[in-house]
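Computed from the coordinates by the stated procedures, all read-outs in this text should not be read as laboratory data. Keep in mind it's a predicted model, so treat the numbers as computed, not measured. Heads up, the Cβs are rebuilt from the backbone with ideal geometry, glycines too, and the neighbour counts pull from every protein chain shown.
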Amino acid sequence: MNSATQTIETIEGAVERVLFSSAESAFAVVKVAVSGRHDGVIAVGRLVGVQPGENLRLCGQFVVDKRWGQQFKVESYLAVEPATLDGIEKYLGSGLVPGIGEVFAKRLVQKFGMATLEVIEHHPERLREVEGVGEVRRQRIVGAWREQRAIKDVMLFLQSHRVSTHLALKIFKRYREQAIAVVKENPYRLAFDVFGIGFQTADRIAADLGVARDAPGRVQAGVMHVLAELAEEGHLYFPREELAIKVATLLEIDAGLVADALRALVQMRELEADGEAIYLKSLHAAEVGMAELIRALLGHSRRDLGIDVARAIAWYETQKNIELAPQQKLAVEHGIADKVLVITGGPGTGKTTLVNAILRILERKGQRILLSAPTGRAAKRLQETTGCEAKTIHRLLEFNPQSNAFERDRDHPLDGDLLVVDESSMIDMTLGYHLMKAVPPSMSVIFVGDVDQLPSVGPGNVLGNLIASSALPVVRLQEIFRQAAASRIVTNAHRVKCGELPETHDPSDGTVSDFYFIARQEPEAIVSTLMELVTERVPRRFGFDPMADIQVLSPMQRGPLGAAALNQALQARLNPSGTQVSSGNRQFRVSDRVMQTRNNYELEVYNGDLGRIEAIDEAERRVAVRFDDRLVHFESADLDELVLGYATTIHKSQGSEYPCVIVPLHTQHFVMLARNLLYTALTRGKKLVLLVGSERALKLAVQNVRGVERLTRLKARLSLS
C-alpha cells in the first residue's frame with residue numbers, strides 16, 4: 001500500500017455499506033457518504049461493530065492501494081448518532097440489534113421519529129407502543145442494544161487512552177461491561193490479567209488517567225510487577241533491600257516509597273515476608289506447602305507387598321533377556337520399598353529400563369500405577385517406552401479452565417498406589433505443589449529426571465532441591481551402557497556434564513557421525529552456515545525433513561543469533577509465501593512450524609508446545625494449528641501467544657526430543673552460556689547434533705558450571721527435622 005499523502009485528515013459521514021467486517025479482529029471495510037465526494041469514501045481499519053446509517057468521524061490518511069485504489073486508512077474514529085430519519089432507519093435495520101429488522105426499524109421510526117434512539121436508550125418501556133413488539137421482543141431489543149453500546153463505549157474509552165484496538169478487544173473480553181470501571185479503578189490490573197499488556201503499557205494508561213508517579217497504588221503495582229518478572233527468571237523470593245532498589249529504579253522514585261509499599265503489601269497479605277526474603281503470596285504458599293506435603297508423605301510407611309526383590313529382578317531379567325546393572329538393581333529395591341524416591345541420570349544410563357523393571361514387578365502384585373510428565377510430548381514418550389497410559393500433569397490433576405483450578409486436590413486425591421513422574425526437572429514449584437496436594441498418604445511417588453539439565457521454565461528448582469536436601473532417597477545412574485556409548489551425542493553430553501570439551505568431528509572428512517562441531521567465528525558466518533545446513537546439507541546427507549525433523553536451538557531469544565531473528569530467516573528460506581496472517585511484527589503462513597508461548601488452559605496448549613499451521617482464514621484472522629494429534633483453532637486475539645518454531649530457545653526445548661538439533665554458539669550469548677544449558681541442548685538430539693560457532697563460546701559454556709542460581713528455600717525447608 002503506497003501512501004498518496006502523509007497528511008492526517010478528519011472526515012465525517014454516514015456509513016452507506018459495510019463491505020467487509022471481522023468480529024474477531026474488528027477490521028472492517030466500509031463505504032462512507034462524505035459531503036463533497038460524489039462517489040463516497042472507502043474507509044479501512046479497525047472499526048468496531050460499525051453499522052450502515054451510523055455517522056462516523058474518522059481520523060487518518062488517504063492512501064492508494066495497488067489492488068483496490070484510493071482508500072482512507074483509519075487510525076482512530078468517533079461514532080456519532082445518525083442525524084437523519086433515513087439514517088436512523090438504516091442504522092437500526094442493519095442487523096445491529098437482534099429483534100429489529102428492516103420492517104420493525106421502519107415502524108419504530110414512523111412512531112418515534114428523531115427520538116427513536118432516545119426511546120430505546122432511556123424509555124424502552126415505550127417500545128410496546130409499536131405494533132408487533134411484545135414483552136419478549138422488547139427485552140431482546142433492550143438487551144442487545146445495551147450490549148452493543150457497552151462494547152463501543154469500552155472500545156472508545158480505551159482507544160482514547162492510546163490502547164490499540166487489538167488490546168482493547170482483549171481487555172473487553174476479559175472484563176466485559178466492567179472494563180471501564182476496572183481500568184479507572186486500577187489500570188495496573190491489566191498487566192496481570194491480560195496477556196499482551198505489560199507493566200509499561202498499564203503505567204502509561206495510569207498516567208493518562210492522572211495517577212501520580214509516587215501514588216501508593218503505582219508503587220505497589222511496581223513491586224508486584226518486579227516480583228513477577230523475577231519469578232519468570234526462576235526466583236521464588238528476592239531480598240527486601242535489593243527488591244526495593246530494583247523497583248525504585250524502574251519507577252524512578254525514592255527507595256523509601258518502595259519500603260512503604262512493601263510493608264503495606266505484606267500487611268494486606270499480598271506478599272509474604274520470610275525474614276528479609278519477600279515472596280509473592282502464591283509462591284510462598286507453594287514452597288511451604290510442598291515441603292510440608294513431602295515431609296508428611298515420608299512419614300507414612302509403604303505397605304509391605306511381600307516381594308522378594310532378588311527373585312523379582314531375576315524374573316524381569318529373564319523376561320527381557322537383559323542384565324540390570326548394580327545401580328539399577330539398587331534402584332528397583334528403592335522403588336519397591338520407599339515412599340518417595342528420586343531417580344536421576346543422563347542419557348544412556350538406563351532410566352527407561354529401570355522404570356520399566358519397577359512397573360512390571362509392581363504390576364505383578366496388582367499395584368495401580370499412574371504415569372505422568374509435565375508436557376504432552378514427554379507424556380507421549382513415556383507412554384511409548386512403558387506401554388502404559390501416561391498423562392500430562394495437568395490432565396492427571398483434571399485442570400478445569402472454567403474455574404482455573406485443579407479438580408484433584410486434598411479433598412479429591414488421585415486414585416492409585418504409585419505415581420511415576422518423568423522429566424521432573426521441568427516441574428516448577430507451583431505445579432509441584434498442586435501435584436503433591438493430590439497425592440494421598442497411601443500413594444508412593446517416584447520422581448524421574450536429569451538433574452544436570454536446566455531447571456524448569458517456571459520458578460523454582462524442584463528436582464535439584466529434592467536431591468540436595470538429603471531428605472529422601474536418591475538413586476544416581478552414572479554408568480553409560482555399551483549401546484548408548486556408541487553414540488557421540490551421549491558420550492559428548494556426559495563429557496560436557498563433567499566439564500570436558502566434547503570430542504569434535506569434522507564433517508568435511510566424509511565419515512558419518514551423529515555429532516559435529518563446525519567452527520565459525522563471525523555471527524554472519526554462523527547464520528549463513530546454519531541456513532545452509534537446515535535447507536541443503538543435512539537434508540541431502542542425512543535425509544531429514546527441514547520442516548519436520550530439524551530443530552534449531554539458540555541460547556537466547558533476541559539478537560542476530562537469537563531464536564526470533566533465526567525464525568524469520570528460516571521462514572524466508574523454508575516457507576517464503578502462501579496464505580498468511582500477521583500478528584504484531586510476525587507473519588504466520590500455512591505449513592509454518594509454530595510454538596505456544598504461554599499456558600492456555602481453555603485451548604489445552606501449553607508453554608513450549610510445538611505445532612504446524614494447517615489452515616488460515618484470512619478474513620476472520622483465524623489459524624488452525626496441529627499439535628501432535630489435536631487440531632487447535634486460534635482466534636485473532638490469541639495469535640500473540642504463538643511464535644514461529646523453526647528455532648527456539650534451549651530453555652523452551654525442555655522435555656522434547658528432535659531427530660536433528662542444530663545449535664549456534666557465539667560469545668554474543670555470553671550471559672546465557674553455561675554447562676547445563678549446553679548439556680540440555682545436546683540431550684535434545686536423538687539422531688544428530690550439530691554445533692555451529694566459535695571454540696571460545698564452546699569453552700565458556702563448558703567452564704561455566706554455575707549459571708544463574710535461583711533463589712529458593714525448598715531445600716532448607718525439606719531439611720528441617
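One table, with the values for the structure above:
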{"quantity": "Debye equation applied to the C-alpha atoms of the range 499-625, log10 I(q)/I(0) at 0.13, 0.14, 0.19 Å⁻¹", "calculated": "-0.67, -0.76, -1.22"}
{"quantity": "Centroid-to-centroid separation of the range 273-348 and the range 447-470 [C-alpha atoms, Å]", "calculated": "13 Å"}
{"quantity": "Partner aspartates and glutamates for residue 437 [C-alpha distance under 20 Å; skip if fewer than 8 residues away on the same chain]", "calculated": "287, 292, 338, 398, 407, 409, 411, 415, 417, 422, 423, 428"}
{"quantity": "Gyration tensor (Cα) of the range 125-197, equivalent ellipsoid semi-axes in angstrom", "calculated": "33, 11, 10"}
{"quantity": "Stretch gain in nm, segment residue 115-residue 486, where the contour uses 0.36 nm per residue and the Cα spacing is subtracted", "calculated": "125.0 nm"}
{"quantity": "Percent breakdown of C-alpha pair distances by 10 Å bin, ordered from the shortest bin, for the chain", "calculated": "3, 12, 19, 21, 19, 13, 8, 4, 1, 0"}
{"quantity": "Sites residue 204 and residue 125, calculated FRET efficiency, Cβ-Cβ separation with R0 41 Å, nearest 0.05", "calculated": "0.45"}
{"quantity": "Modelled FRET efficiency - R0 25 Å, residue 528 with residue 686, Cβ distances, 0.05 increments", "calculated": "0.45"}
{"quantity": "Potential extension, residue 57-residue 617 segment - 0.36 nm per residue separation minus Cα distance", "calculated": "198.6 nm"}
{"quantity": "Convex hull of the range 672-716 built on C-alpha atoms - directionally averaged projected area, nm²", "calculated": "4.2 nm²"}
{"quantity": "Diffusion constant of the range 602-667 at 37 °C, which comes from Stokes-Einstein with the Kirkwood Cα-pair radius and 0.692 mPa s, µm²/s", "calculated": "242 µm²/s"}
{"quantity": "Packing-based order for 412-419, 11-18, 121-128, using average beta carbon neighbours within 10 Å, highest first", "calculated": "11-18, 412-419, 121-128"}
{"quantity": "Protection proxy ranking, peptides 277-285, 515-523, average beta carbon neighbours within 10 Å, highest first", "calculated": "277-285, 515-523"}
{"quantity": "Label-point separation, residue 330 to residue 68 (7 Å along Cα→Cβ), nm", "calculated": "7.1 nm"}
{"quantity": "Surface/4 of the Cα convex hull for the range 511-553, nm²", "calculated": "3.4 nm²"}
{"quantity": "Diffusion constant of the range 453-500 at 25 °C, which comes from Stokes-Einstein with the Kirkwood Cα-pair radius and 0.890 mPa s, µm²/s", "calculated": "188 µm²/s"}
{"quantity": "Dimensions in Å of the range 297-343 - Rg and Dmax from alpha carbons", "calculated": "12.0, 37"}
{"quantity": "The range 634-639 - phi-based ³J(HN,Hα) in whole Hz, Karplus 6.51/-1.76/1.60, Gly and Pro as x", "calculated": "9, 7, 3, 5, 9, 5"}
{"quantity": "Nearest-ten-degree value, helix 376-386 long axis tilted from longest Cα axis of the chain", "calculated": "30 degrees"}
{"quantity": "Computed label-point distance, nm, for sites residue 411 and residue 602 using a 7 Å Cα→Cβ extension", "calculated": "2.6 nm"}
{"quantity": "Alpha carbon convex hull of the range 427-575, volume per residue in cubic angstrom", "calculated": "191 Å³"}
{"quantity": "Cut-off under 5 Å, modelled amide H: who pairs with residue 517 long-range", "calculated": "505, 691"}
{"quantity": "Qualifying trypsin sites (Lys or Arg not before Pro) in the range 348-390, DSSP loop, other Cβ atoms within 10 Å at most 16", "calculated": "365, 368"}
{"quantity": "For q = 0.22 Å⁻¹, Debye-computed log10 I/I(0) when each Cα of the range 221-338 counts as one equal scatterer", "calculated": "-1.15"}
{"quantity": "Cα-based helix-to-principal-axis angle, 240-251 vs the chain, degrees rounded to 10", "calculated": "30 degrees"}
{"quantity": "In nm, spacing of pseudo-spin labels at residue 468 and residue 84 (7 Å Cα→C-beta vector)", "calculated": "7.6 nm"}
{"quantity": "Between the range 654-693 and the range 556-625, the Cα center-to-center distance that results, in Å", "calculated": "22 Å"}
